Amino acid sequence: MQDRDYKTLIIEDHPDQAQLMELLLKRHRSSFSIEIVHDPITGLEKLSKNKYDALILDYSLPNMNGLETLAEIKKRKLTVPVIMVTGQGDERIAVQAMQQGAQDYLTKTPDYLNLLPDVVVRAIEERRLSSRLHQIEHSYFSLFENASVAIFIVDARTLKVLQVNKMASQLLEISQSQLLKKTFIEFCSSKSVEKMQKVFSEIGKKKHSSMDNLLLVQANRRVIPTDMSCSLVQVEGEEVVQLFIRDIREKVKMQQQLLLSRQRLISLFDGITDLISVQDAEHNLVMGNKRYLQFTKHTNENITGEKCFKALFNRDEPCTNCPAHETYKTGESRFIEIFHLGRTFHIWTFPMEGLDGKPQFLVEYCQDVTEQKEIEKQLIKSEKLATLGILSSGIAHELRNPLSIIETARYTIEDDLGHQYENIDKKLAIIKRNIRRASIIIDNLLQFSRNSEFQKEKVDVESLIDTTLSLFQKEISVRNIQIDLLFNNVPRLFFSIDSLKQVFLNIVMNAVQAMPKGGILKIITSLSSDRRWVFVDFTDNGMGIPRENMKYIFTPFFTTKSSTGGTGLGLYLSYSIIKKEGGDIAVQSKPGFGTTFSIKLPVATMSDVPY
C-alpha cells in the first residue's frame, strides 16, 4: 500500500531548524511534500491560497507569535491541522494552543525532532477521520437525537427495539437502556397490539404506514394515546422500521405532567447542598431549599416573611453592598463576598421575572467556600506555574533551540560516519555529554516548580531563600536591585517545602515589582529567645502600599496589577499557607518609602518528624 501524500507547511524562523524538520519528515516518509517559510505573514498568505494537510508552527516568530498566528488562522477560517512547536516548555502555552485549535504540541527537547514525523502523521490522519465522523454525527444527531418526536428503530423481523432517541425515553418514562431490551409490541396496550402487528406485517409491501390513536403503556402502567407513522429502510443490508410517535394526550394530562415536573424541580431544589432561597424586593424570604432551612434552623412554615440577613447572619440590617437591590434595578445577576464569624461566603443573586418581564422575586445562591482545600491547592500550583513561567520561558527558548539543533546535527554526523573514526567518536561523545549538562541546567531551573514527594519535611529556610533569589537573578540585575542578606543560621523548619517556596516567591516578586527603578531588598532571619520561632523579614525601599489598600492586602482576588496579569491570589494564598501551619504573617508599609513583610514560622521539633 502506497503512502498518501502529506503536503506540509513549516513556519519556522530558524532556517537550520526548519531544514532539519524537512530532512527528518522526508526520511520518515518520502510522500511528505514540504514548504518552508520563516515568518507568519508569508505563511498565512500561503495557507489562504493553498490547501495543506498539516502546518508545523513555531511559537516564537517575528511580527506575531504562534498563538497570535493560531488566532489569525481561526479568524480567517483556515482549516488545517496545526502542530505547535516551542522551546519554552510552558504548560500554559500548550493549553492555550490546544484551546485555539492546535492539533498537537511539542516542546523542543533534545529528541523532539525524532517524535515530530509521527506526531504530524497522526495529526493529519486524526483530522481526516475527525472530519468524516463530524459529518456523520452532525447529520445523525440533528435528525435523530434532537427530534421533537419519539423515534424507535425496530428490527423488521423480530420487532426488537434497536435504537431510541431521548424523546422516546421521555414518552414512556423508561430509560433508553431498558427500552433496548424489549420488543416494541411489549409497550403497546392490549387494545392496540393487534393493529400494531398488522402494521408490521404489511410494512414490507407498503414501505410506509401510519396509525392513529396508538395506545402505549408507560413504566407505571399508565396508558397514553399517540399518533404513529413508520417506514421501512435498509441499514447495512438489514431491514429496519423507523417509528415516529407523537404524544396527543389531553390538556389534563399535560397539567399532570407539569405537576410532575414541578415535583422533580423541588426535589432538585432540595437536593442542592448549597444554600438557595427566594426573596422579594424587601429582603423577605419566600422559600428556601432543605440545606437553607437546616443552616438557618427554620422550617418551611416559619421562614416565610423573615429577612434574609437576619436568617443567614443574624444581622439587623442588610449586608454592606447587598447585591439584591442592583438585581431588582437592572434585572441582572450580581455577586458579593461576605466574611462572617471567620468564614467566607460567596453570594449570587438572580432575577425571577413576572408576567410583565420585570423581576418579581430573586433567587439568592449562597456558598460557603472556606473549606475548599483542594481548590486552594490547585490555585497554588497555578500561581506557581504562572510565576515560574515568566522567569524561565526566555531561558528555555534561547537554550533549547540551539541545543536541539546541535544534538540533531551530532546524531546525524555520528550516524553518517558509522563509528569509523575513533578520534571523531570521542569528540562527538564530548559534545553529547555537554549537551546533556546544559539540559540538566535548564531542568534544575524548572525543578523548582515541581511538587515535593512528601507533604512535610525539614526545610533549610536560608538555603530556600537563596534558591528563590537565584530565580529572580536576571530581573534583579535588570532593575538594578541590591540584595542585602543577614542570615543568623536559624534552625530548620518542619514544613511543606512547596508551600514555603510559594510564599517566598510571592513576597520576593512583589518586592521586585515595587522597585522598578532599582532599590534595596533586605532579608533578615532570626530566632526567638525561646528558640520556638523563626522570623524572616523582607524589607524593600520601593513605592510602598497605599493606606486605603492595606486592609485588603490579604483578600483573595484583590490586585492592583490586573493589567499585567496579577490574579490577586498570591498574598492571600501566602497568608493561608502560613496560618494553616501555625505561623503568622504581617505587613508594614509607608507609601514612597517601602514595605516590610514579617513571617513567623514554628521551629521543627522531634515530635514533628514522623518515624
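Taken over the stretch 82-99, the criterion of being assigned to a loop (DSSP other than H, G, I, E, B) and either of a type in the set (S, T, N, Q) or surrounded by fewer than 17 Cβ atoms within 10 Å (Cβ to Cβ) (or both) is satisfied by 88 alone. Scanning the stretch 311-339 for residues that are more than 22 Å from residue 272 (Cα to Cα) and of a type in the set (Lys, Arg) yields 315, 329.
At pLDDT 80 or above, in a loop (DSSP other than H, G, I, E, B) and within 21 Å of the chain's Cα centre (by Cα), is that true of residue 102? Break it down stepwise before answering.
Values: at pLDDT 80 or above: yes; in a loop (DSSP other than H, G, I, E, B): yes; within 21 Å of the chain's Cα centre (by Cα): yes.
So residue 102 fits the description; yes.
What about residue 336, is it of a type outside the set (Phe, Trp, Tyr) and touching a residue at least 24 places away in the same chain (Cβ under 8 Å)? It is false that residue 336 is of a type outside the set (Phe, Trp, Tyr) and touching a residue at least 24 places away in the same chain (Cβ under 8 Å). Just give me the residues in the stretch 12-32 being in contact with an Asp or Glu (Cβ under 6 Å, 6 or more places away or on another chain) and under 22 Å from residue 70 (Cα atoms), in sequence order. Correct list: 12, 18.
For the stretch 412-460, filtered to residues that are at pLDDT below 80 and of a type in the set (Ser, Thr, Tyr), the residue that is surrounded by the fewest Cβ atoms within 10 Å (Cβ to Cβ) is 452.
Restricting attention to the stretch 155-175, the residues that are farther than 24 Å from residue 204 by Cβ and of a type outside the set (Val, Ile, Thr) total 9.
A search for C-beta distances below 8 Å between a residue of the stretch 532-557 that is on the phi > 0 side of the Ramachandran plot and any residue that is buried (at least 18 other Cβ atoms within 10 Å of the Cβ), counting only pairs 6+ apart in sequence or on different chains, returns 544/514; 544/589; 544/594; 544/595; 557/569; 557/572. Of the set (1) within 36 Å of the chain's Cα centre (by Cα); (2) exposed (fewer than 13 other Cβ atoms within 10 Å of the Cβ), all apply to residue 144 but (2).
Is it the case that residue 191 is in a helix (DSSP H, G or I) and over 50 Å from the mean Cα position of the chain (by Cα)? It is false that residue 191 is in a helix (DSSP H, G or I) and over 50 Å from the mean Cα position of the chain (by Cα). Of all the listed residues (70, 78, 55), the sole one being on the phi < 0 side of the Ramachandran plot, in contact with a Gly (Cβ under 7 Å, 6 or more places away or on another chain) and in the same structural domain as residue 117 (by TED's automatic domain parsing) is 70. Just a yes or no: is a residue in the stretch 203-225 in contact with a Pro (Cβ under 8 Å, 6 or more places away or on another chain) and not in a strand (DSSP E or B)? No, there is no match, as no residue in the stretch 203-225 is in contact with a Pro (Cβ under 8 Å, 6 or more places away or on another chain) and not in a strand (DSSP E or B).
All of 79, 69, 8 fail the test of being under 22 Å from residue 127 (Cβ atoms), assigned to a loop (DSSP other than H, G, I, E, B) and hydroxyl-bearing (Ser, Thr, Tyr), apart from 79. Of the residues making up the stretch 9-60, just one is closer than 21 Å to residue 128 by Cβ, among the acidic types (Asp, Glu) and buried (at least 18 other Cβ atoms within 10 Å of the Cβ), namely 53.
Search the stretch 524-558 for residues being under 37 Å from the mean Cα position of the chain (by Cα) and among the aliphatic types (A, V, I, L, M), and hand back the single one that is modelled with the highest pLDDT. Ranking the qualifying residues of the stretch 524-558, first place goes to 536.
Regarding the stretch 493-508, can at least one residue be identified that is within 34 Å of the chain's Cα centre (by Cα), touching a residue at least 40 places away in the same chain (Cβ under 8 Å) and part of a strand (DSSP E or B)?
Going residue by residue through the stretch 493-508, those that are within 34 Å of the chain's Cα centre (by Cα) are 494-508.
When the remaining residues are screened for being touching a residue at least 40 places away in the same chain (Cβ under 8 Å), the result is 494-508.
If we keep only those that are part of a strand (DSSP E or B) too, we end up with 494-495.
Within the stretch 493-508 (the criterion being within 34 Å of the chain's Cα centre (by Cα), touching a residue at least 40 places away in the same chain (Cβ under 8 Å) and part of a strand (DSSP E or B)), the answer is yes, since at least one residue qualifies.
The values are calculated or read from the model by the stated rules, or taken from the named source; none is laboratory data. Note that this is a predicted model, so its numbers are computed, not measured. All Cβ positions, even for glycine, are placed from backbone atoms using ideal geometry, and neighbour counts span all protein chains on display.
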